[in-house]
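Trainee: Below you'll find the structure I mean.
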Amino acid sequence: MANQLNNNSPFEAVIVDGGRIPFQRSGTGYKKMMSYDLGRMAIEGLISRSGIHAGELDRVIMGTVIQEVNTSNVARESALGAGIPNTVPAHTVTQACISSNQAITSAVNLIRSGQAQIILAGGTETMSDIPIRFRKKFRQKLLDARKYKSLSDFLGFFKGLRPSHLLPEIPSISEFSTGDTMGESCDRMAAHFGIGRKEQDQYALRSHQMAAKATNEGLLDDELLPAATPPDFDAIEYDNTYREDTSMEKLEKLSPAFIKPHGTITAGNSSAFTDGASASLIMEKQTALNHNITPKAILRNYTYVAQDPEDELLLGPAYATPKVLDAAELQLADIDVFEFHEAFAGQILTVLKALNSDKFAKEKLDRDQKVGEIPMDKFNCWGGSLSLGHPFGATGTRLVTTAANRLHHEDGRFALVAACAAGGQGHAMILERFDG
């Protein structure tokens, strides 16, 4: 069910600022750093320019997906590392690729209910340092060894073990419930909706071109927070994820990555493994005004949805979009800015096609007619996850931040943010530009 603003509540949640450290392809700029470090830098960067004293925060909430066991509550550790007073509570949320969306909407709920006035919400993720562990048989042996008392106990340690049990176990990228990877699922979904390879490559090229243009024209400067990395602590100031020199010729040469030899999903039309962190400052509207801070946007309605992870793993935005529009009493034509997460070109094109399909509307949405066609001149105009990168736990806050900034740059009133997530889930949110 879509969340609607409680008419009896005197409180409105607004975003006053948002930023992210530049996203980096995994194994590059942040390869020696923990997710904790990335989160810490994003928090430090945002607080330092916000005009808010860290001690005024009521809560820090951050999303993450692949958790480091030593910093399982990475929101708390990153907050402490960033100099947030230890009296400010912090907690971590995880909901796959919409984890920092959940962080923001958790902040919205706390503000609307009067429990908080100023919250830092964001997310952090590294794919350069994922937790690799021993296989279960050997892990169980190690745990049992804690109870050993005699020499004979220790001599029996290797009984029943095979050399294969000592091999490292790398976390799977497949869905636990279905066994399929997201790429395999997207390949099938794109084929079902008739989305071909050429369309996907063309969309991927557009995403990279948009990201390059936005970077070169300084449109992303307001959301980028320079990051200093050891050992030299030279500042990383820009994303290294988009490919300004890519072309259809280069994209067409890439082989299928998941379903071979006839699949349409390639490395070129997929989002890359990415390291990064994001942060946003969510405040109660009057509190912001009392601080002489002009909000960027009011966070209006939002919704979360879930569907069959086997056949509709990445279709969340197609289900969430009409629900949130209905809750806000808006039409697609009322939206001036669209920011949708791009997991794969095939995924985003499928979502757009589903929204513009009477058949999908009748069979899946129980609606008489299609939601409508989203105009591409309003859609992901500063690049998207295909080009800017996708640190799982951090992308949602990037989407909201970019949407708020675009509303002002493009003189729009309403923005729609939407994203899919592993497990067959999805999210959508409506933002309204604040004009005072």
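The values are calculated or read from the model by the stated rules, or taken from the named source; none is laboratory data. Source: prediction; values computed, not measured. Note that each Cβ is placed from the backbone with ideal geometry, even for glycine, and that neighbours are counted across all protein chains shown.
Trainee: Residue check, residue 53 against (1) in contact with a His (Cβ under 9 Å, 6 or more places away or on another chain); (2) surrounded by fewer than 23 Cβ atoms within 10 Å (Cβ to Cβ), all met but one. Which one?
Mentor: (1)
Trainee: Sticking with this one: Is it the case that some residue within region 254-273 is within 21 Å of residue 345 (Cα to Cα) and assigned to a strand (DSSP E or B)?
Mentor: Looking for residues that are within 21 Å of residue 345 (Cα to Cα) and assigned to a strand (DSSP E or B), one finds at least one in region 254-273, hence yes.
Trainee: For region 145-176, which positions are among the acidic types (Asp, Glu) and within 27 Å of residue 66 (Cβ to Cβ)?
Mentor: Correct list: 169, 175.
Trainee: Going through 94, 71 one at a time, which residue ends up being under 17 Å from the mean Cα position of the chain (by Cα), of a type in the set (Val, Ile, Thr), surrounded by fewer than 22 Cβ atoms within 10 Å (Cβ to Cβ) and closer than 20 Å to residue 275 by Cβ?
Mentor: Going through 94, 71 in turn, just one is under 17 Å from the mean Cα position of the chain (by Cα), of a type in the set (Val, Ile, Thr), surrounded by fewer than 22 Cβ atoms within 10 Å (Cβ to Cβ) and closer than 20 Å to residue 275 by Cβ: 94.
Trainee: Restricting to region 60-79, and then to whatever is of a type in the set (Gly, Ala, Ser) and in contact with a Phe, Trp or Tyr (Cβ under 9 Å, 6 or more places away or on another chain), can you tell me which residue is farthest from residue 106 (Cα to Cα)?
Mentor: Filtering region 60-79 for residues that are of a type in the set (Gly, Ala, Ser) and in contact with a Phe, Trp or Tyr (Cβ under 9 Å, 6 or more places away or on another chain), the one farthest from residue 106 (Cα to Cα) comes out as 78.
Trainee: Please name all residue pairs, on different chains or six or more residues apart, with Cβ atoms under 6 Å, provided the first residue is in region 264-290 and is surrounded by fewer than 24 Cβ atoms within 10 Å (Cβ to Cβ) and the second residue is in a strand (DSSP E or B) and not hydrophobic (A, V, I, L, M, F, W, C).
Mentor: 272/25
Trainee: While we're here: Taking the residues in region 369-395 that are among the aliphatic types (A, V, I, L, M) and closer than 25 Å to residue 325 by Cβ as candidates, determine which candidate is surrounded by the fewest Cβ atoms within 10 Å (Cβ to Cβ).
Mentor: Among those that are among the aliphatic types (A, V, I, L, M) and closer than 25 Å to residue 325 by Cβ, it is 376.
Trainee: Looking only at region 139-152, count every residue that is within 20 Å of residue 165 (Cα to Cα), surrounded by 10 or more Cβ atoms within 10 Å (Cβ to Cβ) and modelled with pLDDT of 85 or more and tell me the total.
Mentor: Looking only at that region, the number is 5.
Trainee: Could you check, for region 417-435, whether at least one of its residues is closer than 16 Å to residue 15 by Cβ and among the aromatic types (Phe, Trp, Tyr)?
Mentor: yes
Trainee: Residue by residue through region 297-307, note down the ones that are in contact with a Leu (Cβ under 8 Å, 6 or more places away or on another chain) and either among the hydroxyl-bearing types (Ser, Thr, Tyr) or buried (at least 24 other Cβ atoms within 10 Å of the Cβ) (or both).
Mentor: 297, 299
Trainee: Next up: Inside region 120-199, counting only helices (runs of 4 or more DSSP H) that do not spill past its ends, which hold 1 or more residues that are under 30 Å from residue 354 (Cα atoms) and of a type outside the set (Val, Ile, Thr)?
Mentor: Because the criterion is at least 1 residues that are under 30 Å from residue 354 (Cα atoms) and of a type outside the set (Val, Ile, Thr), the helices (runs of 4 or more DSSP H) in region 120-199 that meet it are 182-192.
Trainee: Quick one: which residue in 285, 260 is in contact with a strand residue (DSSP E or B) (Cβ under 7 Å, 6 or more places away or on another chain) and basic (Lys, Arg)?
Mentor: 285
Trainee: Scan (1) surrounded by fewer than 18 Cβ atoms within 10 Å (Cβ to Cβ); (2) over 15 Å from residue 193 (Cβ atoms); (3) not charged (D, E, K, R) for the single condition residue 356 breaks and write down its number.
Mentor: (2)
Trainee: Now a separate question. Please determine, by comparing only the residues of region 308-328 that are at pLDDT below 95 and over 18 Å from the mean Cα position of the chain (by Cα), which one is surrounded by the most Cβ atoms within 10 Å (Cβ to Cβ).
Mentor: Checked region 308-328; the qualifying residue surrounded by the most Cβ atoms within 10 Å (Cβ to Cβ) is 312.
Trainee: Being over 18 Å from the mean Cα position of the chain (by Cα), touching a residue at least 24 places away in the same chain (Cβ under 8 Å) and over 17 Å from residue 276 (Cβ atoms): is that true of residue 61 here?
Mentor: no
Trainee: May I pose another question? Can you tell me which residue in region 415-436 is nearest to residue 344 (Cα to Cα), limited to those that are buried (at least 24 other Cβ atoms within 10 Å of the Cβ) and touching an Asp or Glu at 6+ places or on another chain (Cβ under 7 Å)?
Mentor: Looking at the filtered set, the residue picked out is 424.
Trainee: Out of 289, 299, I need the residue that is assigned to a strand (DSSP E or B), modelled with pLDDT of 95 or more and under 27 Å from residue 10 (Cβ atoms). Which one?
Mentor: None of the other options fit; the residue is 299.
Trainee: For residue 48, indicate whether it is of a type in the set (Gly, Ala, Ser) and either in contact with a strand residue (DSSP E or B) (Cβ under 9 Å, 6 or more places away or on another chain) or modelled with pLDDT under 95 (or both).
Mentor: Taking the combined requirement at face value, the residue does not satisfy it.
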